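Notes to accompany the following structure.
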Amino acid sequence: MISYKKISLRIRIFLSMLLLVLLASILILVVTIYQYDEQTKEYNIERFHRKESIVKQVIELELKNKTKLPVNKDNLEKIFKTRIHEISSINLLNISFYDIKGNLLISSIESVIEETSESLSSDLLRELRHNSNHKIVKYTEEDEIGYQSSFSYLKSPSQKIIGILELQFTQNNSKIKKELQEFIYRLSLVYVIMFLLAIIFAYFLSSYITSSIKAISNKIKKTRLMAINEKIILNKASSEINILIEAYNDMIDELEASAVKLAKTEREQAWGEMAKQVTHEIKNPLTPMRLSVQSFERNFNFSDVNAKNKLKEFSQSLIQQIDVMSSIASAFADFAKMPKQKKERIEIISVIKSALNIFAESHIKFVPSVKEIYLNIDKTQLIRIITNLIKNAIQATRKRENALIEIGVLSEDSHIKITVSDNGKGISDKVKDFIFEPKFTTKSSGMGLGLAMIKNIIETYGGSISFVSDEKVGSVFTVILPKK
């Protein structure tokens, strides 16, 4: 399950806004239903109280002015025998009269009298007797029919208790519940529409909020130490984002300054190291040259019969040392000079064959996978690559019996792969990381510029060079060059 913290900021804002809208909608719906129910109950109670007040006034008026019978508990049934139904139907209330002991005397509900001689419970009579207002209101519901009943003492005009009056208001709640369901249905439709609008609004708002951050993130991903980094310019961004942009732009300025200093330092260090290496390599032939000159000066005898031959040997020795110095200077010049990207369409199988012709070793085998492969590259540079790799392979297999060097060429979808493998002494793990460094060499002579130079050439053409090697087993160098 994906952690919430790992979700992108835009999605988190989007989900948070939807959750907020959903919770608010549910809360409003619950409060609305509760309020609707409470208002309905309050309305029914107030309505019942109004009807109760009117009925009591009518009953008091009946007892006081309209009846000719003595107003007492014994005549109560006779007084209201005909009037009870009229009063009940006019006020839409059920009316029942009980004696002081709670026995039913007369009721507007005929079924009550016909079916049972219902009497009030002793608990209700006790509660009514001890209530300060001598009035009890009860609410019951059965089969979606609500009953509000009030029980109070009935008094004569002389304020003597002559019985108990029950007024019952019947309310059919099915209609109210149906209205409530319809109301909830309409309200739910409104909330669904609001939620869909909220989804759209939350999507665009979250995208708008995070667009600035995304722009900054994209710029940061593209930031490189030795590259030209663009500053961020956002015209309509919040103050918090502007602070972040300013910090990024200041970082870019500092990064550029650091890159310039680093590049300068690296150049100075590289040329310093190269100068030391060149100086060391030049001093090597100078020492024997100095010794040869000093020895020639002390021992040369012009009258000697072999003076001419000795002079010739001395000259040849100096020329040989001068050639070594010249080759050192040429190698340094070749490495320091970046090869130009001269491209020409050449057939590389024939070029590699011609490059191998200068080597007399019989253990060099050329095994291309195809007869012809065309590539856009400088012919001279390709020959330098092949020649250098073959020379290194010959050096590695010099003391190996049954030595074998194989050159392979393979054409793949978008590039050409050239491999040079040998079964020589291999490369130790200690020096593998330094093979392509300019001043590194494992040979007893030379400046160690060969592999660094061809790596420079290969990368200039958008290619790469790599190797695998095991000590005392051999090495395989792989050159990959793009076809275009």
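The values are calculated or read from the model by the stated rules, or taken from the named source; none is laboratory data. Bear in mind that the values here come from a model prediction, so they are computed numbers and not experimental data. So basically every Cβ, Gly included, is an ideal-geometry build from the backbone, and we count neighbours across all protein chains shown. Please note that ligands, DNA and RNA were not included when accessible areas were found on the heavy atoms of the full protein model with its side chains. Shrake-Rupley method; radii C 1.70, N 1.55, O 1.52, S 1.80 Å.
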Among the residues of the range 428-451, count how many are modelled with pLDDT of 80 or more and among the small types (G, A, S). 1
Residue within the range 299-314 that is modelled with pLDDT of 75 or more, open to solvent by 50 Å² or more (accessible area, probe 1.4 Å), of a type in the set (S, T, N, Q) and farther than 30 Å from S469 by Cβ present: yes
Give the residues of the range 396-433 that are without any contact (Cβ under 8 Å) to a residue 60 or more places away in the chain, crowded, with 19+ Cβ neighbours inside 10 Å and part of a strand (DSSP E or B), sorted by residue number. I405, I407, V420, S421, D422
Which ones in the range 1-30 are closer than 16 Å to V190 by Cα and either modelled with pLDDT under 80 or open to solvent by 50 Å² or more (accessible area, probe 1.4 Å) (or both)? L22, L23, I26, L27, I28, V30
Hits in the range 164-213 - residues which are free of Cβ contacts under 8 Å to residues at least 24 places away in the same chain, among the charged types (D, E, K, R) and either in a strand (DSSP E or B) or open to solvent by less than 90 Å² (accessible area, probe 1.4 Å) (or both): E179, E182
Sort out for me the strands (runs of 3 or more DSSP E) sitting completely within the range 45-163 that have 2 or more residues that are touching a residue at least 24 places away in the same chain (Cβ under 8 Å), touching a strand residue (DSSP E or B) at 6+ places or on another chain (Cβ under 8 Å) and surrounded by 15 or more Cβ atoms within 10 Å (Cβ to Cβ). 94-98, 104-107, 145-155
